[in-house]
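Written below as structure tokens is the structure these notes are about.
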Amino acid sequence: MKGGRLYYDMPIGILCLESLFPKPRGHMRNPLTYGFPTVTRVIRGVDIPRLLFNPTPDLLEPFIQAAKELEADGVQAITGSCGFMALFQKAVASAVSVPVLMSSLVQIPLIHTLHGPGCRIMHGEKAEIGVLTASSQALTPAHFANCATPMESVHIRGMEGNPEFWETIIEGKRHDFDMERLEAEIVGSAAAFAREKALDALVLECTDLSAFSAPIQRAINLPVYDINSLVEY
């Protein structure tokens, strides 16, 4: 065996935003979430509000540099702790040689292929892929374009109007949340989405929703895809 790497058993490197709210099991930054080791690299000075609501071009370079460092350290694939890192998918993937999956949105073309066009009719219309996001206002065609998916090919719903989620995860007003209240907001939003739109599957764009994928799936009885399903794949 040849040496020269920091890691030899680290298949996944995770680029992370600065955040102080809890990361329960099921969140990709919790080391108990996966059955294999991961290493995190926090991009200092970049938090959730900045990436979502002020994604200036100067944000890209720190992500590229961190990805290159993780690759040099020995990780075998690189992902991101926020679905809005989709903006950097093409640039980061071009900068390193290992696979890059910056957002759960990159699996939408595969999901479309798996489910097929018009495979179900619900409420008199063709069922589509749904995307549950932290903020529907912040999600743009550019995020989807970087993941090889037209934005108009999916239904989108945001978590706006859910105070437990918004005040802790998006605004960072406090660093503690009520897990039961948070789960109720997330599952309730997904259930309302499934009632309002003809969905064939649901993609959780926001990585902070992934810890609740199982109760979401039980509530809506549809396939649920998230960043964890992508990383596991």
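The values are calculated or read from the model by the stated rules, or taken from the named source; none is laboratory data. These numbers were taken from a predicted model, which means no experiment stands behind them. Neighbour counts run over all protein chains shown; Cβ positions are idealised from the backbone, glycine included. Just the protein is used for accessible areas: all its heavy atoms, side chains included, with ligands, DNA and RNA removed. Shrake-Rupley method; radii C 1.70, N 1.55, O 1.52, S 1.80 Å.
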Next item on the list: For segment 150-179, name all the residues that are among the hydroxyl-bearing types (Ser, Thr, Tyr) and out of contact with any strand residue (DSSP E or B) (no Cβ under 9 Å at 6 or more places or on another chain).
Entry: 168
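Sort through 20, 70, 15 and tell me the only one that's touching a residue at least 40 places away in the same chain (Cβ under 8 Å), in a loop (DSSP other than H, G, I, E, B) and among the aliphatic types (A, V, I, L, M).
20 is the lone residue from the list that is touching a residue at least 40 places away in the same chain (Cβ under 8 Å), in a loop (DSSP other than H, G, I, E, B) and among the aliphatic types (A, V, I, L, M).
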Notebook entry, point to check: Condition test on residue 39, is it open to solvent by less than 30 Å² (accessible area, probe 1.4 Å), more than 19 Å from residue 225 (Cβ to Cβ), in a loop (DSSP other than H, G, I, E, B) and not hydroxyl-bearing (Ser, Thr, Tyr)?
Noted result: no
Item checked: Matching residues in segment 214-227 - criterion: being under 21 Å from residue 101 (Cα atoms) and buried (at least 21 other Cβ atoms within 10 Å of the Cβ) -> 224, 225, 226, 227
Checklist line | Residues located in segment 73-96, provided they are over 16 Å from the mean Cα position of the chain (by Cα) and part of a loop (DSSP other than H, G, I, E, B) | finding: 74, 75, 76, 96
Check: If you go through segment 42-67, how many residues are farther than 18 Å from residue 90 by Cα, out of contact with any Cys (no Cβ under 9 Å at 6 or more places or on another chain) and part of a helix (DSSP H, G or I)?
Finding: 3
